Structures are given as structure tokens and as C-alpha cells.
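**Q** Shown below is the structure under consideration.
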Amino acid sequence: MTESRAIALITGASSGIGAAFARRFANDGYDLILIGRRENLLEKLCKELAEEKGINADYMLIDLGNENELQLAEARIKNNPDLEILVNNAGFGGERGAFHKVAIESHVNMVQVHNIATLKLTHAVIPGLLAKGKGAIINVSSLASFLPSLSVMYSATKVFLNYFSESLDFSLRDKGIKIQALCPGFTITDFHKKMGYGTDHPVYKRKFMTAEKVVEASLKALKRGKVYCVPGFRNKFLVFLARNLPRKLRITVYKKMFSKRKKD
Ligand SMILES: NC(=O)c1ccc[n+]([C@@H]2O[C@H](COP(=O)([O-])OP(=O)(O)OC[C@H]3O[C@@H](n4cnc5c(N)ncnc54)[C@H](OP(=O)(O)O)[C@@H]3O)[C@@H](O)[C@H]2O)c1
């Protein structure tokens, strides 16, 4: 790396929303550190952005579900005074199936990637941001955090991210650090493919947003200092319903939705 610029570190940047964040921050002149496991994608993206945008882009091959590898990312953050943005984006939908039928290791791995990695990387970055008196942390949650779902651990781990972000914002806002819980709905990425849904699956009949639109909404909300960002009118409406319908009525609606999904 040569010239020193503000750096954005993005986890899960090899595809989807993370890659869209990488493109957007490169466009805005940030240097990048990208984290993921698929080396070919990360290498290609770094090369493309360095050439097209004239920035420094580096990647780390890290499985955030592995404590030893996670420590390498923490160390990289602590030794980087130019780091200004952290996007805790890495995530996955997990194995399909009833909670008790999915192996416990799989549930624990989701807690590790969605929650433990987020809290450790956030813990590592805050002292540097405080020293600068500015910066931002975006935690990619989900619309699913507002709705109980058949993916029990997915919803539960995303709820953690909401309250984690909201509480951090409470203590860091007046110190110049912005925090956001980004809660997208269905977005076109590798997410559903990795869950084993073929392109003919009924899930694709739902309204999907592009990753670029999600990132655009996130950064707009960040500018306005909003802790929660729910991209898209339709998704905002669903959150409004989830927050305002009486619990009994909500459960009835969910049951209807889920009994339909079971037949998918
Ligand atoms: N797509 C949607 O409909 C949707 C909706 C709401 C929220 N979200 C959230 O958005 C975030 C990004 O997902 P996406 O939709 O963009 O899906 P995606 O295209 O599958 O991207 C997920 C990213 O997370 C990384 N990742 C997953 N497990 C990892 C691990 N153990 N260690 C390191 N990196 C890991 C993947 O990298 P490697 O495969 O290279 O490791 C990939 O870069 C997730 O947190 C997801 O929960 C997605």
C-alpha cells in the first residue's frame, strides 16, 4: 500500500451486499480491506477496484467462525489508525430445517459469525475511532429481526445486532461515531443460492431489491444519523406492521404466512 487514505473494512465482501459496499466506498475514495473466504472473488474485486478507482484494496481470507482466524482481523483493525468505517456484513441463512433437527454446531457457528465476530471487531475498532473523533460502524441485520421466523437462529442473531447497534449508538453518538443496524429485506445476492434454493424456487416470486439500492439507502440513512435503516417502502411497511399489530394478530398472520411457506 502506498498513499494513506481513510480505510473501510468490510466483512463478507466477496459477493452481494458486502461487494456493493466495497464498490461504493471505493467510488468515494476509501482504501479497502475486504474479508471473506472465496479468494478468487476477493482477489478479482480488489484488482478491479484498485485499477478502476486508483485506491488501495487488500483482502484477508478469514473464516469468521474460526476464533484463531478472527483474531487476525482484530489485530489488523487495532494496528490501523486510518480505519474509519467498519461494515459487519458477513452472514448466511443457515441450514434449512426445524431448530432441533439442525446440528447444534451449525447454530453455534451462526452465533459466532453474526454476533461474536461483530462484537469483537467492533470492540477492536472503537478506540481508534474515538481517537479520531469520527467514523462509522454498520451492522448488517435483516428484516427477519422484526419477525419471528422458521429460521429461529437467523432471526435471533439478527435481533442481537439491532439491540447491540442501538445501545452502542446511545453511548457513541455524541463522540462523533455513527452506528447503524441495516435491515434489508429480500436482496439479490448469493444468499438464497447458498441455502440451496434453485432459481425456480417460490421464494424468488417475492419482491427483491438490488444490493446497490440497499447500500444507497444505508449510506443515506447514515448521513442523516438514523440508527435503523430499513431499505425500501415495502419493507418499511412490513416493519411498521410488525411493530404496531397487536401480538395475537401478528402471530395469526405469521402462522398463515409460514403454513404457506411450508408448502413451498
Ligand atoms: N440477501 C438477502 O435477502 C438478505 C436479506 C437480509 C439480510 N441479509 C444479510 O446481508 C448480509 C450479506 O449477505 P448477502 O445477501 O450479500 O449474501 P452473500 O452474497 O451470500 O454474501 C455473504 C457474505 O458473507 C461472507 N461470509 C459468510 N460466512 C462467512 C464466514 N464464516 N467467514 C467469513 N465470511 C463469511 C461470504 O463470504 P465467503 O462466502 O467468501 O466466505 C459473503 O461475502 C448477511 O449478513 C445477510 O444475513 C441478506
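**Q** Can you tell me which residue in segment 170-200 is nearest to the ligand (Cβ to nearest atom), limited to those that are in a strand (DSSP E or B) and open to solvent by less than 30 Å² (accessible area, probe 1.4 Å)?
**A** Across segment 170-200, the extreme among qualifying residues is Thr187.
**Q** Let me ask you something else. For residues that are at pLDDT 85 or above, not small (Gly, Ala, Ser) and not in a helix (DSSP H, G or I), scanning just segment 231-264, find the one that is least open to solvent (accessible area, probe 1.4 Å).
**A** Only one residue fits best here, namely Pro231.
**Q** Continuing with this model, one more query. I'd like the residue in segment 116-150 that is within 10 Å of the ligand (Cβ to nearest atom) and touching a residue at least 40 places away in the same chain (Cβ under 8 Å) and, out of all such residues, is farthest from Asn66 (Cα to Cα).
**A** Among those that are within 10 Å of the ligand (Cβ to nearest atom) and touching a residue at least 40 places away in the same chain (Cβ under 8 Å), it is Leu143.
**Q** Sort out which residues of segment 116-149 are under 14 Å from the mean Cα position of the chain (by Cα) and closer than 22 Å to Lys236 by Cβ, and write them in order of number.
**A** Across segment 116-149, the qualifying residues are Ala136, Ile138, Asn139, Val140, Ser141, Ser142, Leu143, Ala144, Ser145.
**Q** Looking at segment 120-138, can you tell me whether even one residue there is in a helix (DSSP H, G or I) and within 23 Å of Phe99 (Cα to Cα)? Before you say what the answer is, go through the steps one by one.
**A** So the first thing to find is which residues in segment 120-138 are in a helix (DSSP H, G or I), and the list is 120-132.
From what's left, within 23 Å of Phe99 (Cα to Cα): none.
Looking through segment 120-138, none of the residues is in a helix (DSSP H, G or I) and within 23 Å of Phe99 (Cα to Cα).
**Q** Let me ask something else. In segment 211-230, which residue that is among the small types (Gly, Ala, Ser) and within 14 Å of the chain's Cα centre (by Cα) is most open to solvent (accessible area, probe 1.4 Å)?
**A** Ala217
**Q** Now for a different question. Inside segment 99-115, can you point out the residues that are open to solvent by 30 Å² or more (accessible area, probe 1.4 Å), touching a residue at least 12 places away in the same chain (Cβ under 8 Å) and away from the ligand (no atom under 11 Å from the Cβ)? Walk me through it before giving the result.
**A** Residues of segment 99-115 that are open to solvent by 30 Å² or more (accessible area, probe 1.4 Å), as a first pass: 99-101, 103-105, 108-109, 111.
Checking which are touching a residue at least 12 places away in the same chain (Cβ under 8 Å) leaves us with 99, 109, 111.
Of everything in segment 99-115, those that are open to solvent by 30 Å² or more (accessible area, probe 1.4 Å), touching a residue at least 12 places away in the same chain (Cβ under 8 Å) and away from the ligand (no atom under 11 Å from the Cβ) turn out to be Phe99, Val111.
**Q** Just checking, how many residues over segment 151-169 are in a helix (DSSP H, G or I), in contact (Cβ under 8 Å) with a residue 40 or more places away in the chain and either within 13 Å of the ligand (Cβ to nearest atom) or open to solvent by less than 10 Å² (accessible area, probe 1.4 Å) (or both)?
**A** Summing the residues that are in a helix (DSSP H, G or I), in contact (Cβ under 8 Å) with a residue 40 or more places away in the chain and either within 13 Å of the ligand (Cβ to nearest atom) or open to solvent by less than 10 Å² (accessible area, probe 1.4 Å) (or both) in segment 151-169 gives 8.
**Q** Looking at segment 1-40, which of the residues that are among the basic types (Lys, Arg) and within 11 Å of the ligand (Cβ to nearest atom) is most open to solvent (accessible area, probe 1.4 Å)?
**A** Arg37
**Q** While we're looking at this one, here's another question. So which of Glu67, Glu52, Glu43 is more than 17 Å from Thr122 (Cα to Cα), within 13 Å of the ligand (Cβ to nearest atom), more than 18 Å from the chain's Cα centre (by Cα) and open to solvent by 60 Å² or more (accessible area, probe 1.4 Å)?
**A** Glu43
The values are calculated or read from the model by the stated rules, or taken from the named source; none is laboratory data. Keep in mind that what you see is a predicted model, and the values were worked out from it rather than measured. No Cβ is skipped: glycine too gets one built from the backbone with ideal geometry, and neighbour counts run over all protein chains shown. What goes into the accessible areas is simple: the full protein's heavy atoms, side chains included, and nothing from ligands, DNA or RNA. Shrake-Rupley method; radii C 1.70, N 1.55, O 1.52, S 1.80 Å.
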